[in-house]
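Here the structure comes first, spelled out in structure tokens, and everything after it is commentary.
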Amino acid sequence: MDANSRNHWFLDPGPLSSWIDQFADDLAAQRYTPLTIEGYTASARHFAAWLGSAGISIDLIDDDVVRRFAGHRCRCPGARQWLRISPKYSRRAGKFVVFLQRAGVALPPLKVVSPYPLLDDYQSWLRVHRGLSERTIARHLRHLHKLLPELGTATVDYDAARIRNVVRGWRERTGPDKREIHREDQPQGRQSQ
């Protein structure tokens with residue numbers, strides 16, 4: 001019996017079984033390797049089995065349910081004895097939930113209206129043209145949300161000097177060594193007074 005058959009036997013995904021198969025097909029169409037697809041589908045099966053044991057119906061799946069799955073003390077079938085699952089494993093389950101949301105099976109994520117609508121376009125650009133992961137995109141957006149209030153919402157007022165000053169101020173506040181940054185700003189051959 002191979003690992004795939006064992007996982008199917010131990011972790012019954014219930015009504016999500018056909019969706020896991022479609023998820024695997026979707027990943028294969030994106031040219032994921034068979035080993036990676038197995039990792040994603042194993043996490044999806046575990047998530048689906050946990051939903052069944054927790055009594056959570058498919059139409060109630062949302063981001064909060066994924067967080068609860070990530071933090072559950074695992075005693076699921078298959079000799080699992082984990083205090084909690086790994087972040088990577090829960091991100092894989094999260095990718096399955098995103099697949100279900102796109103298919104209309106799970107609730108769509110709550111959309112928070114951004115005071116900076118240009119960031120939505122930037123986020124799409126990072127995803128499509130740069131190929132960044134959702135985790136990296138989220139980190140970039142967190143940093144930008146800290147900087148944009150200082151720049152203001154009127155983008156017509158942006159110029160290179162204003163952006164440079166805001167970024168430089170942010171680096172001085174958050175940089176690894178504030179003294180190092182100040183030394184870099186000093187022209188060569190000049191002593192600071």
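Summary of computed values
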{"item": "Complete set of residues in segment 133-157 that are under 24 Å from the mean Cα position of the chain (by Cα) and not in a helix (DSSP H, G or I)", "result": "SER133"}
{"item": "Tally, over segment 26-81, of residues that are of a type in the set (S, T, N, Q) and crowded, with 17+ Cβ neighbours inside 10 Å", "result": "2"}
{"item": "Number of the exception - ILE85 against (1) at pLDDT 85 or above; (2) in a loop (DSSP other than H, G, I, E, B)", "result": "(1)"}
{"item": "Of all residues in segment 1-25 being open to solvent by 50 Å² or more (accessible area, probe 1.4 Å) and not in a helix (DSSP H, G or I), the one that is modelled with the lowest pLDDT", "result": "MET1"}
{"item": "Test: residue in segment 34-50 that is out of contact with any helix residue (DSSP H, G or I) (no Cβ under 6 Å at 6 or more places or on another chain), modelled with pLDDT under 85 and outside any loop (DSSP other than H, G, I, E, B)", "result": "no"}
{"item": "Test for VAL105: is it under 27 Å from GLN22 (Cα atoms) and either open to solvent by less than 50 Å² (accessible area, probe 1.4 Å) or at pLDDT below 80 (or both)", "result": "yes"}
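The values are calculated or read from the model by the stated rules, or taken from the named source; none is laboratory data. Fair warning: this is a prediction, and the values are worked out from it, not measured in the lab. All Cβ positions, glycine included, derive from the backbone under ideal geometry; neighbour counts span all protein chains shown. When the accessible area is computed, the model is the full protein with side chains, heavy atoms only, and any ligands, DNA or RNA have been set aside. Shrake-Rupley method; radii C 1.70, N 1.55, O 1.52, S 1.80 Å.
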